[in-house]
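Colleague: First the structure, which I've put down as structure tokens, then a few questions once you've had a look.
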Amino acid sequence: MTLTYIISGFAVGTLVGLTGVGGGSLMTPLLTLLFGVSPAVAVGTDLAFASITKATGTFTHRLRGTVEWQVVRLLCIGALPAALIATLALKYFGGLSKELGQIIRYSIASSVFLTVIAILYRSKLMAWMNAHPERQLQGTRLAVATVIAGAVLGILVTISSIGAGAIGATILVLLYPKMPAAHVAGTDIAYAVPLTAIAAIGHWWLGSINWELLGSLLLGSVPGITLGSLAAKAVPEKLLRGILATTLTLVACKLVL
């Protein structure tokens, strides 16, 4: 089983390296559907997995100067307290109970569907925003909207481990349409590091992290992400996102049914 986990980590890591999204959206459903891991443990383990991998990505983006730290700060103001509150709510409502597992399962499915929408319509949303500059927020309103978006993502990520990738990037594009694509990616990864770390610590407190599973996934994902990143330019992005969106839709349908 350990080898299977490593191979799965490699496969997901490669796809994330190729497309830039889909880590939590793929890993959490994969653990629950294919390996029979309980939803709570799948979410907790994936959050720990994400915090480690995204920390590496943040270091690279920081070296390249592609992180908007002011935006990261605003997102964290909303996301980090929300993650703490969501963790306490999970503890209060029973931690690893069967009922909570069902809630998490549907939360994962809902988050996956949102991710599919983000993947398919991100370019159209960005084009619409650029064509309607009067709809763009400015100043204090933009800052407040960013904090609120961070809070929503904090709750979503803590409950389902999904949302910090494609959904977070799409929100950044909507709020900051003039931000370069590389900066969107770097900022999205940077704010997700403390968010996933806090959420992972919360799940550790709840007892929902499988450390052996985490180690196996990391063994596969690190070379997978490297390989995917190197091959990204050789594969059409439209094709990759179409494959990812189709896969995620099937996963979400399976979770609901």
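Colleague: Out of contact with any Cys (no Cβ under 7 Å at 6 or more places or on another chain) and closer than 17 Å to residue 28 by Cβ: which single residue out of 187, 226, 249 fits that description?
Modeller: 249
Colleague: For residue 166, work out the one condition from (1) within 21 Å of residue 128 (Cα to Cα); (2) surrounded by fewer than 22 Cβ atoms within 10 Å (Cβ to Cβ) it doesn't fulfil.
Modeller: (2)
Colleague: If we keep just the residues of segment 22-39 that are modelled with pLDDT of 85 or more and of a type in the set (Val, Ile, Thr), which is surrounded by the most Cβ atoms within 10 Å (Cβ to Cβ)?
Modeller: Among them, the one singled out is 32.
Colleague: Tell me the residue from 48, 89, 42 that is over 22 Å from residue 169 (Cα atoms), at pLDDT 85 or above and either crowded, with 19+ Cβ neighbours inside 10 Å or acidic (Asp, Glu) (or both), please.
Modeller: Just one listed residue meets the conditions, 42.
Colleague: Here are some residues: 215, 207. Which one is free of Cβ contacts under 8 Å to residues at least 40 places away in the same chain and of a type outside the set (A, V, I, L, M, F, W, C)?
Modeller: Of 215, 207, the one residue that is free of Cβ contacts under 8 Å to residues at least 40 places away in the same chain and of a type outside the set (A, V, I, L, M, F, W, C) is 215.
Colleague: Anything in segment 22-72 that is in a loop (DSSP other than H, G, I, E, B) and either within 15 Å of the chain's Cα centre (by Cα) or farther than 15 Å from residue 217 by Cβ (or both)? List them, or say none.
Modeller: Those that are in a loop (DSSP other than H, G, I, E, B) and either within 15 Å of the chain's Cα centre (by Cα) or farther than 15 Å from residue 217 by Cβ (or both): 22, 36, 38, 65, 66, 67, 68.
Colleague: Here's another thing I want to ask about it. For the condition surrounded by 21 or more Cβ atoms within 10 Å (Cβ to Cβ), closer than 30 Å to residue 177 by Cα and at pLDDT 80 or above, what is the one hit in 118, 82? Steps first, please.
Modeller: On the way: 118 fails: at pLDDT 80 or above.
Among 118, 82, only 82 is surrounded by 21 or more Cβ atoms within 10 Å (Cβ to Cβ), closer than 30 Å to residue 177 by Cα and at pLDDT 80 or above.
Colleague: Next question, about the same structure. Where in segment 98-217 are the helices (runs of 4 or more DSSP H), entirely inside, with at least 3 residues that are small (Gly, Ala, Ser) and over 16 Å from the mean Cα position of the chain (by Cα)?
Modeller: Those helices (runs of 4 or more DSSP H) span 98-131, 139-160, 181-206.
Colleague: State yes or no: is residue 224 farther than 27 Å from residue 127 by Cβ, outside any loop (DSSP other than H, G, I, E, B) and free of Cβ contacts under 8 Å to residues at least 12 places away in the same chain?
Modeller: So residue 224 does not fit the description; no.
Colleague: Go through segment 53-77 residue by residue and tally those that are at pLDDT 85 or above and closer than 18 Å to residue 154 by Cα.
Modeller: Final tally of qualifying residues: 9.
Colleague: Let me ask something else. Taking segment 228-245, which residues are closer than 24 Å to residue 3 by Cβ and either at pLDDT 85 or above or under 20 Å from the mean Cα position of the chain (by Cα) (or both)?
Modeller: Within segment 228-245, 228, 229 qualify.
The values are calculated or read from the model by the stated rules, or taken from the named source; none is laboratory data. These numbers were taken from a predicted model, which means no experiment stands behind them. Note: ideal-geometry Cβ built from the backbone for every residue, glycine included; neighbour counts use all protein chains shown.
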